[in-house]
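What follows is one structure encoded as structure tokens, with my remarks underneath.
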Amino acid sequence: MAVLLLSVCTTAFAQATYVAKDGTRYEFKKHLFLNVEGGAQYTLGEAKFIKLLSPNAQLGLGYQFSPVLAVRLQANAWQSKGGWKNYRSNSTSYTFDRDYAFNYVAPGLDVMVNLSNLICGYNPTRVFSFSAFLGGGANIAFRNGEVNRIASHMRSMDGYNGLLLEYLWSGERVRPFGRGGLEAAFRLNDYVSLTIEGNANVLSDKYNSKKAGNPDWYFNALAGLRVNLGKTHHKTVPMVNVLPTAGRTDTVYVTKTEVKRDTVYVEKPEQLRRDIFFEINKWEIRQSEQQKVKDVADFLQRYPTMKVSLCGYADVQTGNNEINDRLGKNRVEAVKKALMTQYGIPESRILTDSKGSRVQPFPVNEDNRCTICICE
């Protein structure tokens, strides 16, 4: 499953780009990263919660294949605990509590999926991102002397049959483990992020020396830093071209053939463009966009021989072609209806078309939820 997910996601997102509102283009670059984290562990058991807490640390080296997918070699280590409360031997009426600690190191491999980039699209300047991971490895446990000393004392008690610590071990033990978790990352700059991670780890019933008839678990809460080892993206700043037009200058952002939104075409004195923007999955004209519709209507009323061409669009990062074709058409129809009913523009002077998400007129994804109106 990990190999399949790796191949699919690497292909799908290898050339991911993000274009900021100022036209700056960011192209994703594969890179290594380092995780250094520390925190606390809770080992699931019968003793009091506070008695089963212990220190924990984690070191990881990963590779970001795409904006969505990464793999990480990690080593989680320090201390686990076990214990019980209100134990009663066979021949005594009193009860007693015990807790004990032992050490371990657990190297493993995680497959990580950046949910923020998967759902919302690639954005290297995003302050907060959320990832999920799934993995496993080998847990190497050692220094289990504390519970062995407790067991030796219990054997001296009249009536103890040894069933409480049926899986008692000494020396070193290696057991496979599986784990999953979530990571929140707060971007500090292009190279460093603050991370908060929680993970759950499952092993065989023999991990904590006690026979319980179910797997043993421990849970880690960690905080630390993620350091990117190299550049995570290639940044391209748009060129600026100052063009003299009708006795004044307009600034046009040149990135391929795109132009800054709401540009007024002045090659002809009788030409006007207005870009009407919509919310995601909607085609109602917002109050903030109503003035643009009025500008188009005023222009058509001033020049009765002119016509307006309306073309609807949807953004490519949401929906599918069927949904986006419908959105583009509905957005055109909304502007057409407003021109006809509110301003009395004849239908014969309104030309309509829709591109859906098949054509993206703007570099910023959200701007492509629009109807472009060109009067000429």
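Any aspartates and glutamates with Cα under 19 Å of the Lys210 Cα? List them, leaving off those in the same chain fewer than 8 positions away.
Glu46, Asp97, Asp99, Glu146, Glu166, Glu172
Treating cross-link reach as a plain straight distance, find the aspartates and glutamates whose alpha-carbon is under 19 Å from the alpha-carbon of Lys30, omitting any fewer than eight places away in the same chain.
Asp110, Asp190
Give the accessible area for His234 in Å² (nearest 10); use a 1.4 Å probe, count only protein heavy atoms, and leave out ligands, DNA and RNA.
90
Each residue of region 38-43 in turn: what ³J(HN,Hα) in whole Hz from Karplus with 6.51, -1.76, 1.60 and θ = phi - 60°, glycine and Pro shown as x?
x, x, 9, 10, 10, 9
Could you give the accessible area per residue of region 12-75, probe 1.4 Å, as a whole number in Å²? The partial results should precede the final answer.
Numbers: 2910 Å² over 64 residues.
Dividing the accessible area of region 12-75 by its residue count gives 45 Å².
To the nearest µm²/s, what D does Stokes-Einstein give for region 279-343 at 20 °C and 1.002 mPa s, using the Kirkwood radius over alpha carbon pairs as Rh?
Estimated diffusion coefficient is 167 µm²/s.
Enter the accessible area per residue of region 159-227 (Å², integer; probe 1.4 Å; all protein chains in place).
Accessible area per residue, region 159-227: 46 Å².
Net charge within 9 Å of Asp325 by Cβ-Cβ distance, Lys/Arg positive one each and Asp/Glu negative one each, not counting Asp325 itself?
Local charge sum for Asp325: +3.
Counting Lys +1, Arg +1, Asp -1, Glu -1, what net charge surrounds Glu37 among other residues with beta carbon under 11 Å of its beta carbon?
Numbers: positive: Arg226; negative: Glu183, Glu197.
Counting the neighbours of Glu37, the net charge comes to -1.
At a 10 angstrom cut-off on C-beta neighbours, averaged per residue, how do the peptides 292-305, 196-209 rank from highest to lowest? Numbers along the way, then the final one.
Working: 292-305: 15.6, 196-209: 19.7.
Those peptides, ordered most packed to least, come out 196-209, 292-305.
Name the lysines eligible as straight-distance cross-link partners of Lys29: C-alpha to C-alpha under 28 Å, and not fewer than 8 places from it in the same chain.
Output for Lys29: Lys21, Lys231, Lys235, Lys256, Lys260.
Could you give me the ³J(HN,Hα) list for region 194-205, computed from phi with Karplus coefficients 6.51, -1.76, 1.60 and θ = phi - 60°, whole Hz, x at Gly and Pro?
Each residue of region 194-205 in turn: 7, 10, 10, 10, x, 9, 10, 10, 10, 9, 5, 5 Hz.
Once the whole set of protein chains is in place, how much accessible area is left on Met340, using a 1.4 Å probe, in Å² to the nearest 10?
Surface open to solvent at Met340 totals about 70 Å².
Please give the net charge around Glu166, taking every other residue with its beta carbon less than 12 angstrom from that of Glu166, where Lys and Arg add +1 and Asp and Glu add -1. Before the final figure, lay out the partial values.
Working: positive: Lys206, Lys210, Lys211; negative: Asp205.
In short, +2.
The values are calculated or read from the model by the stated rules, or taken from the named source; none is laboratory data. Since the structure is predicted, the reported quantities are computational estimates derived from the model, not experimental observations. Cβ sites come from the backbone with ideal geometry, for glycine too, and all protein chains shown count toward neighbours. Ligands, DNA and RNA are stripped out before the accessible areas are found, and what is left, the full protein with its side chains, is counted by its heavy atoms. Shrake-Rupley method; radii C 1.70, N 1.55, O 1.52, S 1.80 Å.
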